[in-house]
Amino acid sequence: MDFNFLNNRMSKKLQIAIKTSLLAGEKILDIYYSDQFEAEMKKDGSPLTRADKASHNTVVRELSKLGIPILSEEGAKIDYSTRKKWSKFWLIDPLDGTKEFIKKNGEFTVNIALVENQIPILGVVYTPVTKELYFAEKDFGSFKIKSIEKFDELSLKQAITLSESSSPKNYTIVVSRSHLNKETTDYITEKKQMFNEILLKQFGSSLKICKVAEGKAHCYPRLGPTMEWDTAAAHAVVKYSGKRLFNFNTNDELIYNKESLLNPFFVTE
């Protein structure tokens with residue numbers, strides 16, 4: 001991939017989002033390797049660690065410089081009466097996959113999306129442990145860097161265009177490491193009746209969506225609860241790779257900044 005092509009066509013917002021994800025990743029790793037997680041439980045029963053808070057503070061500090069509203073999982077709850085007036089806003093999950101963080105399996109991400117008129121137009125998904133970076137933008141494309149140390153010419157030269165990725169020979173489904181319910185099992189059973197052989201791969205966080213985007217799997221069914229910040233960044237990655245993330249019941253593309261921030265069941269393919 002030609003650096004000048006990427007650098008010249010990549011928007012300033014995308015550059016800042018990538019740099020911000022790397023800074024947040026550094027904060028997360030400092031705590032990850034210290035083992036001082038200071039985990040607590042939120043009202044919904046999900047865990048919250050010192051790393052979630054540190055990443056949130058970093059992302060909000062950097063993105064606030066652009067003057068665009070920010071909605072973060074770990075930020076203050078913003079009433080819909082205020083949010084519905086936003087035509088454009090940042091939607092972030094500072095540490096997606098906190099359970100994987102606590103398990104220390106490395107499969108957690110920093111998710112940063114820019115949403116305009118309820119559609120993600122930019123997305124960055126960064127995996128601090130492996131340094132994998134997925135990034136995408138409307139009218140630009142979807143890309144992956146296998147290992148990024150910093151945002152520079154050398155790193156960008158390693159970018160892979162995800163729209164050119166091919167799928168595995170055998171039909172492959174990605175599923176969650178932490179959430180596998182009856183609805184998902186039934187979906188897999190139906191697919192087994194359609195294909196001679198099914199391969200299952202497990203990943204944590206938004207990596208499941210990204211694996212479909214890069215051709216490592218054919219689909220990812222999420223027939224369970226997720227929030228908008230869980231999916232928006234990876235939704236952009238898969239969308240601008242030429243694939244889809246859609247409502248399981250209606251077949252419509254997922255939208256964002258709804259009155260309820262809960263996503264419907266969805267499938268990525």
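The values are calculated or read from the model by the stated rules, or taken from the named source; none is laboratory data. In this text the structure is predicted, and so the values were computed from the model without any measurement. We place every Cβ from the backbone using ideal geometry, glycine too, and count neighbours over all the protein chains shown. Surface accessibility is based on the protein's heavy atoms, side chains included, excluding ligands, DNA and RNA. Shrake-Rupley method; radii C 1.70, N 1.55, O 1.52, S 1.80 Å.
Taking the criterion of being among the charged types (D, E, K, R) and closer than 21 Å to residue 72 by Cα, would at least one residue in segment 205-214 satisfy it?
Among the residues of segment 205-214, at least one is among the charged types (D, E, K, R) and closer than 21 Å to residue 72 by Cα, which makes the answer yes.
Within the group 64, 21, which residue is without any contact (Cβ under 8 Å) to a residue 40 or more places away in the chain and open to solvent by less than 80 Å² (accessible area, probe 1.4 Å)?
64
Return the residues of segment 81-112 that are open to solvent by less than 10 Å² (accessible area, probe 1.4 Å), among the charged types (D, E, K, R) and more than 14 Å from residue 207 (Cα to Cα); say none if nothing qualifies.
Scanning segment 81-112 gives a single hit, 83.
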